[in-house]
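The values are calculated or read from the model by the stated rules, or taken from the named source; none is laboratory data. As the structure is a computational prediction, the values presented were derived from the model and not from experiment. Reconstructed Cβ throughout: ideal geometry from the backbone, glycine too, with neighbour counts over all protein chains shown. Side chains are part of the model used for accessible areas, which takes the heavy atoms of the whole protein and leaves out ligands, DNA and RNA. Shrake-Rupley method; radii C 1.70, N 1.55, O 1.52, S 1.80 Å.
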Amino acid sequence: LMSRGSLIIFYEDRNFQGRSYECMSDCPDMSSYLSRCQSCRVESGCFMVYERPNFMGNQFFMRRGEYSDYMSMMGMSSGIRSCRMIPMHRGQFRMRIYERENFGGQMTELMDDCDNIQDRYRMSDCMSSQVMDGHWLYMLVGVKSPSYYMDSGPLNRSFREMGMSGMRFMSMRRIMDMC
């Protein structure tokens, strides 16, 4: 079964002006294609875009749609410097969240979306996690802020390493066939 490819088009200027660059997969450094990037259009699929090269810095989730001036829409301080294509996951979703770093303290297993982990699971804090199945987005509740992408694999980081220390009341969402 062939799946539809993913495609995102980046533009140097706002409102889809200036030179453009079409991307269908991961791109660790866009500066070799565009001197700057201030708008984009997601034709198909889902992507995470990053403010710094090599998938570093603040990251934002983008699904199919037009983003004529995402810097002001999302509060980005600089343009997009790298992007990662999110493959579609079919099957179950499963992740474990832990009260303390290094998988310590209370452990809770999630298999569906959760709007507020502290309220739902009565956890005082959530400092580390391990994704078993699927692709997930972590977000702060009630604030317009970056989201954080996690998928299964050997690398399971603490939130502090992801630059999320001191952030609480997070929601977890499955990245499903919504793109």
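Choose one of Val131, Gln106, Leu34: the residue whose Cα lies farthest towards the positive end of the charge dipole of the stretch 1-143 (beta-carbon charges +1 Lys, Arg; -1 Asp, Glu; about the Cα centre). The residue sitting farthest along the positive end of the dipole is Leu34. With all protein chains present, how much of the accessible area of the stretch 1-124 (probe radius 1.4 Å) comes from carbon and sulfur, to the nearest whole percent? Using a 1.4 Å probe with all protein chains present, the stretch 1-124 comes out at 45 percent carbon and sulfur. Relative to the Cα centre, the charge distribution of the stretch 7-86, modelled as +1 at Lys and Arg Cβ and -1 at Asp and Glu Cβ, gives a dipole magnitude of about 100 debye.
What fraction, in whole percent, of alpha-carbon pairs in the stretch 1-127 exceed 20 Å separation? For the stretch 1-127, the fraction of Cα-Cα distances above 20 Å is 54 percent. The residues of the stretch 7-86 present an accessible area of 45 Å² per residue when probed at 1.4 Å with all protein chains retained.
Along the stretch 103-108 the Karplus relation, 6.51 cos²θ - 1.76 cosθ + 1.60 evaluated at θ = phi - 60°, assigns HN-Hα couplings of 6, x, x, 4, 10, 10 Hz to successive residues, with x for each Gly and Pro.
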